[in-house]
Amino acid sequence: MTNNYRAVLRQSVLGLIFCLSACQPAVDTAANNTTATVPGPAAAHINWFEYQGLDPLFAEPLPQGTYQNPVLAGFFPDPSITRNGDDYYMTVSSFTYTPGLPILHSRDLVNWQLIGYALTRQSQMEMDGLQVSRGIFAPTLRYHDGTYYIITTVVDRGGNFILTATDPAGPWSDPIWLPEVEGIDPDIFFDDDGKVYIAHNGDPVESLYEGHKAIWLWQYDPQSQKIVADSQRLLVNGGVDLSTKPIWIEAPHLYKHDGWYYLLCAEGGTADQHSAVIFRSRSLAEPFVPYSGNPILTQRDLAPERPDPITTAGHADFVQLPDGSWWAVFLASRAYQQRYFNTGRETFLLPVSWQDGWPHILPAGETIPYRLAAPTSLATVPVAQPLTGNFTWRDDFSANTLDLNWNTLRKYDQSWLSLNNQQLRLQAGASGLDSSEQPAFIGRRQQHTHFDASTSLALPGGQPSTDTFSAGIVAFQNEQYHYYLGIKNQGEQVIIFLEQANGGAPQQIASQPLTKATDQICLKISGRAGSISFYYAPGNDDWQPLAGTQDATLLSTQVAGGFVGTMLGLHSRQETGGN
């Protein structure tokens, strides 16, 4: 290779534009090359990103009058639902992803659209330095008398708080902090006598065993925005039957129906012993009695080797439709190889039946159905961007703001990215994906066990930055478990590399010099349950694999731990020692 050729090749990649989707000859790189070089730190320029779901379970057409479970595929855990007239809204846990507390809307209970976020600015929430699975836990969303309320917990950074809004799409208020309310998973309940109550998980008066928790109740004054003094009372100690040492009673939701107060909780932890249990009382001042038929939802008693298993079912919330029927949203996970899941805890929907004054979600021993009859009283209202089934999602970066499906980590600062001329400019950051700070990273949920994601990079007009940096596509579970397929300059060579974090610091496991001068390159990740593969294509060439098939189970909750699912996205990082 001549020195002149090396220089051409090196310059052609230093300012590459990154886009995730199959490498397409139709990409007009000449048009992109008219963009003037932006002075300053090195940056990747991204033309488009494409994600394609390929799950066999979703392949068959959906019969008319039915719906697909999960209704929110991918990392949408701990769902809470509310209704205002003919409109239904949900929010879910977001942990340290920003913006936080996604708000989803539906008119038919089965087709959902992401419409905004409740946490959108640094003045609301500080999560710098927190690990991915800390931050925002288990919200409750309610509508009452013209106002929407979210009550939730920020773990390791302030505890429990309330947000309010008159429009669920936002803006939402700054937090109303509740220092008296300890623990997690708070619920807000508006009684028909005008009083307001907050229930939550917390420590018992005396801890008898590991995992022993309790459900507590406070009265709340919405006028003063404070807890009513000396109003705390114990609702549940331990769980359904304290003598069996139940663990992790949590996620309380209060309802009133036919003169009874009902308390819906999760029990058993969020793994394969997860469940939903129900209690009731005639008065909030009297003991809550557990249902003899508990749990009303679980999959823990089913054979692990069953086909296409849905696991970890629990953490439910109820909503009543205008026709009087009740439905439950809850978290569960689609597993491969019996127990692994990379898509995180997802949101499922099932009808609720009432028997002898008690609600039932699923009879004991029955599997959660993937498809069943939709609510007959609600007309089907399709959405522009489906959140379940097999679909292709593409971002051409033609809008003035980042698409709602993208998330960043910890901070709300997005000064390191910009959108113009149908491109995303991603400035290389000092922090890597293994950092507890904010890396230059945007991600969207992996929503399918089988998927493809890919991209194309091109050199913008003018002289690129000579700073040493890398950029590329990632499959990210947390700081210690992820893959990064990137490109960087190393001496006079341009290197395509694969980095893996498998329980510790990231390690480069493969690299390949580029031997073709080009003004664009494509990158692709293909996930197939427990395996994952990485590809690159200079110019309009065919895909070339980098390294062999890799282990995708390291992106699963069972290996990586925590409470989130895999995110797929783009990353740019400053490099040292590469020139």
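Data table
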{"quantity": "Pair list, Cβ under 8 Å, 6 or more apart: segment 516-537 residue modelled with pLDDT under 90, other residue of a type in the set (Asp, Glu)", "calculated": "Lys516/Asp541"}
{"quantity": "Residue among Ala374, Ala379 that alone is surrounded by 14 or more Cβ atoms within 10 Å (Cβ to Cβ) and aliphatic (A, V, I, L, M)", "calculated": "Ala374"}
{"quantity": "Within segment 554-568, tally of residues that are buried (at least 20 other Cβ atoms within 10 Å of the Cβ) and of a type outside the set (A, V, I, L, M, F, W, C)", "calculated": "4"}
{"quantity": "Residues within segment 486-515 that are farther than 21 Å from Pro538 by Cα and touching a residue at least 24 places away in the same chain (Cβ under 8 Å), tallied", "calculated": "7"}
{"quantity": "Hey, Ala251 on the phi > 0 side of the Ramachandran plot, part of a strand (DSSP E or B) and assigned by TED's automatic domain parsing to the domain that holds Pro359 or not", "calculated": "yes"}
{"quantity": "Segment 394-408, residues that are part of a strand (DSSP E or B) and touching an Asp or Glu at 6+ places or on another chain (Cβ under 9 Å)", "calculated": "Arg394, Asp395"}
{"quantity": "Tally, over segment 280-300, of residues that are part of a loop (DSSP other than H, G, I, E, B) and either of a type in the set (A, V, I, L, M) or at pLDDT below 95 (or both)", "calculated": "5"}
{"quantity": "One residue from Ala30, Ala26, Ala7, Ala73 being small (Gly, Ala, Ser) and either at pLDDT 55 or above or not assigned by TED's automatic domain parsing to the domain that holds Val474 (or both)", "calculated": "Ala73"}
{"quantity": "Count of segment 192-225 residues which are touching a residue at least 24 places away in the same chain (Cβ under 8 Å) and either closer than 17 Å to Ile162 by Cβ or touching a helix residue (DSSP H, G or I) at 6+ places or on another chain (Cβ under 9 Å) (or both)", "calculated": "17"}
{"quantity": "Number of the exception - Ala59 against (1) of a type in the set (A, V, I, L, M, F, W, C); (2) within 20 Å of Asn405 (Cβ to Cβ); (3) modelled with pLDDT of 95 or more", "calculated": "(2)"}
{"quantity": "Of the criteria (1) crowded, with 24+ Cβ neighbours inside 10 Å; (2) within 22 Å of Ala251 (Cα to Cα); (3) of a type in the set (Phe, Trp, Tyr), which one Trp112 fails", "calculated": "(2)"}
{"quantity": "Residue list for segment 75-95, restricted to those being closer than 24 Å to Pro375 by Cα and surrounded by 24 or more Cβ atoms within 10 Å (Cβ to Cβ)", "calculated": "Phe76, Pro77, Asp78, Pro79, Ser80, Ile81, Met90, Thr91, Val92"}
{"quantity": "Which listed residue, of Gly561, Gly539, is under 18 Å from the mean Cα position of the chain (by Cα) and either assigned by TED's automatic domain parsing to the domain that holds Phe441 or small (Gly, Ala, Ser) (or both)", "calculated": "Gly561"}
{"quantity": "In segment 213-239, residue nearest to Tyr291 (Cα to Cα) [restricted to those that are buried (at least 20 other Cβ atoms within 10 Å of the Cβ) and aliphatic (A, V, I, L, M)]", "calculated": "Val236"}
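Let's see how each residue does on (1) surrounded by fewer than 20 Cβ atoms within 10 Å (Cβ to Cβ); (2) within 30 Å of Asn69 (Cβ to Cβ); (3) among the aliphatic types (A, V, I, L, M); (4) under 22 Å from the mean Cα position of the chain (by Cα):
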| residue | (1), (2), (3), (4) |
| --- | --- |
| Tyr97 | no, yes, no, yes |
| Asp128 | yes, no, no, yes |
| Thr152 | no, yes, no, yes |
| Ile176 | yes, no, yes, no |
| Glu180 | yes, no, no, no |
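The values are calculated or read from the model by the stated rules, or taken from the named source; none is laboratory data. Everything numeric in this text was worked out from a predicted model, so none of it was measured. Reconstructed Cβ throughout: ideal geometry from the backbone, glycine too, with neighbour counts over all protein chains shown.
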